[in-house]
Amino acid sequence: MVKKAHAFAEHEWKTLSSRPIYQNRWLSLREDLVELPDERTTIYGVVTCGECVGILPFLDSHTVLLVKQYRYVTKRVTWEMPTGGIHAGESIEAAAQRELAEESGYQAGRLTRISTYHTSKSVMDETAHLFIGEELARLARPPDDTEFIEVQAFPFTDALRMVLQGEIVDSMTIIAILHAARLRGL
């Protein structure tokens, strides 16, 4: 007798074996042999990227900074908030401040965490931590020389419109802007 699928919805899958496929300094790919709750087995590919941060910087209560850059994977230019990975031994907040400084030339006097989520629930192991940055102070520090970005100030309502009209396509930025709009009662 076959049990209904919903009876297994909360059952943990068992990893029977794991085999590394590829690794570089930003990600790794492995292939797992997994036993499903109904005792069948399947192959499961997992990309691990670790943790990342995103910070939506407010110059003032009505103006945000966004960065424009070409994204190789999607073959397009996008508007986003400053984002990046967390370095080994670095706190989440320190990573957010570092990324903000590298990509925009600012430091936040106040960070407010607004969301932590999994960027892909099915094949990628990556957790994103999102912040709002306020009380910005300009830094004398030069930007990261490996990034080719343009920084621009936008009225927050324009950034929200860009999300709602599909002009901003980065999930971290979309989630941060929608949370910020909710917090502002928009």
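Could you tell me whether V67 is farther than 21 Å from D158 by Cα, surrounded by 15 or more Cβ atoms within 10 Å (Cβ to Cβ) and in contact (Cβ under 8 Å) with a residue 12 or more places away in the chain?
The answer is no for V67.
Using the structure shown, decide if P57 is more than 23 Å from H179 (Cα to Cα), surrounded by 15 or more Cβ atoms within 10 Å (Cβ to Cβ) and either of a type in the set (D, E) or in contact with a helix residue (DSSP H, G or I) (Cβ under 7 Å, 6 or more places away or on another chain) (or both).
Values: more than 23 Å from H179 (Cα to Cα): no; surrounded by 15 or more Cβ atoms within 10 Å (Cβ to Cβ): yes; either of a type in the set (D, E) or in contact with a helix residue (DSSP H, G or I) (Cβ under 7 Å, 6 or more places away or on another chain) (or both): yes.
The answer is no for P57.
Filtering T48, T15 for residues that are within 30 Å of G133 (Cβ to Cβ), polar (S, T, N, Q) and not in a loop (DSSP other than H, G, I, E, B) leaves a single hit, T48. State whether the residues of region 52-61 include one that is assigned to a strand (DSSP E or B), closer than 24 Å to F148 by Cβ and either polar (S, T, N, Q) or over 16 Å from the mean Cα position of the chain (by Cα) (or both). Taking every residue of region 52-61 in turn, at least one turns out to be assigned to a strand (DSSP E or B), closer than 24 Å to F148 by Cβ and either polar (S, T, N, Q) or over 16 Å from the mean Cα position of the chain (by Cα) (or both). Taken over region 9-37, the criterion of being modelled with pLDDT under 90 and loosely packed, with under 13 Cβ neighbours inside 10 Å is satisfied by A9, E10, H11, E12, R25, W26.
Annotation: G89 fulfils all but one of (1) over 30 Å from I168 (Cα atoms); (2) not assigned by TED's automatic domain parsing to the domain that holds S122; (3) not polar (S, T, N, Q); the unmet one is (2).
Here is a yes/no grid of residues against (1) among the small types (G, A, S); (2) at pLDDT 95 or above:
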| residue | (1), (2) |
| --- | --- |
| R71 | no, no |
| T74 | no, no |
| S91 | yes, yes |
| S104 | yes, no |
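Annotation note: of A95, A128, A108, the sole residue that is crowded, with 18+ Cβ neighbours inside 10 Å, within 19 Å of the chain's Cα centre (by Cα) and within 14 Å of T173 (Cα to Cα) is A128. On the given criteria, is F154 out of contact with any Ser or Thr (no Cβ under 6 Å at 6 or more places or on another chain) and part of a strand (DSSP E or B)? Here the answer is yes, as F154 does meet what is asked.
The values are calculated or read from the model by the stated rules, or taken from the named source; none is laboratory data. Being a predicted model, the structure only gives us computed values, none of them experimental. All Cβ positions, glycine included, derive from the backbone under ideal geometry; neighbour counts span all protein chains shown.
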